[in-house]
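Every number in this text was worked out from the coordinates using simple rules, so none of it is lab data. Remember, predicted model here, so these are calculated numbers, not experimental data. We place every Cβ from the backbone using ideal geometry, glycine too, and count neighbours over all the protein chains shown.
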Amino acid sequence: MRILLYIVFLLIVLLGISFAYLNADSVTFNYYLGERSMPLSLLLICSLGVGLILGFAVVLIAWIKLKAENIRLKKRLKSAKQEVENLRAIPIRERI
C-alpha cells in the first residue's frame, strides 16, 4: 500500500514538473495596484491556491453555522425531553 502511495505521489510530482515546463512562458498579470510579470504555471498555481483558501473559508463559515445550529437544536431537544418527563410524572386525575 505504501509503495502505491509513493507511485501516486511521484506521478503527481512528474505531472507538476511537466505542467511547469509546458507553461513556462512569461505573462503579465494586471491587478488593481499594478502589474507583475510571472510564468503562466506559477500564476495558475497561485490562482488555485487562492481559490482553495477562499473555498476553505466559505466551508468553514458554513460549518461553524451548522455547528451552532446543532448545539441550539440539542438544547431544544433536551428541554423537550425534560418537559415530557415532567408531564409523565404528573398523576392523572379522573373527572367526576
Label-point separation (nm) for Tyr6 and Met38, each offset 7 Å from Cα along Cα-to-Cβ? 3.4
Within the chain, which is the longest segment that contains none of the trypsin sites (Lys or Arg not before Pro) sitting in a DSSP loop with at most 16 other Cβ atoms within 10 Å? 1-92
Low-density loop chymotrypsin sites (Phe, Trp or Tyr not before Pro), region 1-52, at most 11 other Cβ within 10 Å, DSSP non-H/G/I/E/B, are Tyr32
Assuming R0 = 41 Å, can you tell me the calculated FRET efficiency for the pair Lys74 and Val50, based on Cβ-Cβ distance, to the nearest 0.05? 0.65
Which of Ser41, Ser79, Ser26 moves the most in a Gaussian network model of the chain with Cα springs under 10 Å? Ser79
HN-Hα J couplings of region 68-73 from phi, Karplus 6.51/-1.76/1.60, θ = phi - 60°, integer Hz, Gly and Pro as x? 5, 5, 4, 5, 4, 5
How high is the relative contact order of region 2-89, given as a whole-number percent (alpha carbon pairs under 8 Å, six or more residues apart)? 15
Residue span Glu83 to Ser18: 0.36 nm per residue of separation minus Cα-Cα distance leaves a gain in nm of 16.8 nm
Could you state, as a whole-number percent, how many of the C-alpha pairs of the chain are farther apart than 24 Å? 64
Nonlocal amide H pairs with Val27, under 5 Å, H built at 1.01 Å: Met38, Leu40
